Amino acid sequence: MKDRSIAVIKASWPYLLTLIIGLYLAEILAGAVMALSRYKLTFADHMPTVLKQLVLHPWHYYNLYLGQKNPVLIIVSIAVVLYTIYFALKRNSKHKAWETADTETHGSATWGDLKELSDHYFSITAKDLTTAFNRSTTTEILEALTKQETQSKADK
């Protein structure tokens, strides 16, 4: 039981970390939008103070904006949660796609038989092979090879 809970924690900590960081950034974004709407043209003067407060007290401001039903915070938070769920499900489905049953393959790979291999990789005909060979070699080389072959037969 203890090993199982440790395995679950190890498997889920990246998603939890992604969720926490995403919600933290959502709080900072919502606070920046709120500061922009409040200070308008003097936003640049107040921005360091606003960001400092948002960074140092994220839980306080997240709860404050959530209590105020801030649409920026709500929309971005929902997007972060959905992204984290999507990321977790996508990664889990990729992992399961690589699991195999009793076959000696990985994923969807299978062993091909001779016909599949020859149909797929060896589809060149003998005539095409001869033509390609003749184009790639010069006649002098072919004549020298033929002459050498006849000499070696005569020597035997």
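Show the residue pairs that are 6+ apart or on different chains and have beta-carbon atoms under 8 Å apart, the first residue being within the range 139-151 and of a type outside the set (Asp, Glu), the second being at pLDDT below 80 and surrounded by 10 or more Cβ atoms within 10 Å (Cβ to Cβ).
Listed by first residue and then by second, the contacts come to LEU142/ASN134.
Given the residues TYR61, TYR39, which is the only one that is over 33 Å from the mean Cα position of the chain (by Cα) and at pLDDT 90 or above?
Answer to the check: TYR61.
Tally up the residues in the range 61-71 that are surrounded by 14 or more Cβ atoms within 10 Å (Cβ to Cβ) and over 14 Å from LEU25 (Cβ atoms), please.
Number satisfying all stated conditions: 3.
In the list ILE74, ILE85, which residue meets the criterion of being open to solvent by 80 Å² or more (accessible area, probe 1.4 Å), assigned by the TED database to the domain that holds LEU25, assigned to a helix (DSSP H, G or I) and aliphatic (A, V, I, L, M)?
ILE85
Of all residues in the range 8-41, count the ones that are open to solvent by 60 Å² or more (accessible area, probe 1.4 Å) and among the polar types (S, T, N, Q).
Here the count works out to 1.
The values are calculated or read from the model by the stated rules, or taken from the named source; none is laboratory data. None of the values given here were measured: they were computed from a predicted structure. Note: ideal-geometry Cβ built from the backbone for every residue, glycine included; neighbour counts use all protein chains shown. Accessible surface is based on the protein model in full, side chains and every heavy atom, while ligands, DNA and RNA are left aside. Shrake-Rupley method; radii C 1.70, N 1.55, O 1.52, S 1.80 Å.
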